[in-house]
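Structure, as structure tokens:
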Ligand SMILES: [Zn+2]
């Protein structure tokens with residue numbers, strides 16, 4: 001019933017990957033992209049209780065910065081479920097995202113080096129500046145708030161083919177032929193960065209015709225560290241699958 | 001005042017790289033372009049977040 005899709009990885013990392021998917025429609029490719037952005041839930045700080053903040057920033061600014069810090073995603077949470085993190089730092093020094101201590105061992109800041117606020121020990125003041133907060137992180141989707149988006153710069157392009165149709169005019173101008181993405185050349189997948197995005201480097205002196213390969217899309221996916229690219233993509237496809245089966249059940253007689 | 005946590009345009013976490021970028025390219029004498037490449041801050045939108053940033057906490061602190 002569900003056809004197998006042909007997926008080839010061009011680059012594969014934990015947080016960044018490029019892969020080619022064949023035999024999907026443009027609508028389905030866009031569906032996956034949108035699901036990656038809006039439908040895959042992540043944890044993000046949503047409510048902050050300030051116990052002490054004598055820093056130079058307002059409570060609201062601190063809360064905003066904390067909300068933007070990506071947190072690792074636990075695997076057994078429901079939408080709307082929360083967990084608590086605490087931060088207690090005294091100056092002089094900087095409070096980092098990595099100073100946050102979580103109640104749940106599965107949850108921790110994905111990036112530990114993000115400066116939240118620089119705390120000073122001002123002259124003439126009795127105590128150094130101090131930040132002590134308790135924060136509730138909520139598990140929700142990107143469509144609720146952009147801070148819940150696990151995918152960053154998620155997009156796709158058509159796979160392209162380059163056909164040599166002749167030689168260029170010998171006395172013509174040497175203009176670069178810039179192309180970005182991935183081309184298929186004799187069955188080999190070549191990212192355009194390999195020839196500095198300029199086709200004249202790979203096919204010097206040739207007249208070229210570049211064409212999109214129908215129904216073949218090269219996805220570029222990055223995550224903010226909340227989860228790996230693999231988890232993001234599979235969860236996005238799962239949400240599409242769930243919604244399709246919900247629709248099927250709803251329209252059944 | 002403090003370096004933005006994420007890139008305004010694409011949402012990539014850039015705050016993570018600020019201190020290293022500052023030490024090597026702003027206060028050090030390395031080429032900012034090379035440092036950003038090495039840190040993996042690829043897109044123009046993210047690069048301008050670090051290149052154009054100035055820490056202001058020290059300047060603001062006396063007036064608090
Ligand atoms: Zn950016």
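So how tilted is helix A:229-251 from the main axis of chain A? Cα-based, degrees 0 to 90, rounded to 10. Result, in degrees: 80.
Can you tell me which of B:10-19, A:166-175, A:137-146 comes out highest on packing, and rank the rest after it, using the mean Cβ neighbours within 10 Å?
Result, highest mean first: B:10-19, A:137-146, A:166-175.
Ranked by the mean number of other Cβ atoms within 10 Å per residue, highest first, peptides B:37-49, A:225-237 order as A:225-237, B:37-49. Principal axis extents of the C-alpha atoms in segment A:115-217 (largest first, rounded to whole Å): 80, 37, 20. The mean count of C-beta atoms from other chains within 10 Å of the C-beta of residues in A:215-228, rounded to a whole number, is 1. Show that you can apply the helix-only estimate: for chain B, add -39,500 (n - 2.57) for every DSSP H stretch of four or more residues, divide by all residues, and state [θ] at 222 nm to the nearest 500. That comes out to -10500 deg cm²/dmol.
For the protein assembly as shown, DSSP calls about 95 percent of its internal beta bridges antiparallel.
Taking the fewest neighbouring Cβ atoms within 10 Å as the starting point, the ordered list for A:12, A:65 is A:12, A:65.
Taking chain A as a Gaussian network of alpha-carbon nodes connected by springs under 10 Å, the highest mean-square fluctuation of the residues A:223, A:239, A:73 belongs to A:239.
Dividing the mean sequence gap of close Cα pairs (under 8 Å, 6+ apart) by how many residues chain A holds gives a relative contact order of 27 percent. Using the alpha-carbon positions of the protein assembly as shown, Rg (one decimal) and Dmax (whole number) come out as 23.9, 80 Å.
Taking the helices alone, chain A has a mean residue ellipticity at 222 nm of -6000 deg cm²/dmol, built from -39,500 (n - 2.57) per DSSP H run of at least 4 residues and averaged over all its residues. Relative to the dominant Cα principal axis of chain A, helix A:26-38 is inclined by about 10°.
Values in this text are rule-based calculations from the coordinates and carry no lab data. Because the structure is a prediction, the values reported are computed rather than measured. Cβ coordinates were reconstructed from backbone atoms using ideal geometry, including for glycine residues, and neighbour counts include every protein chain displayed.
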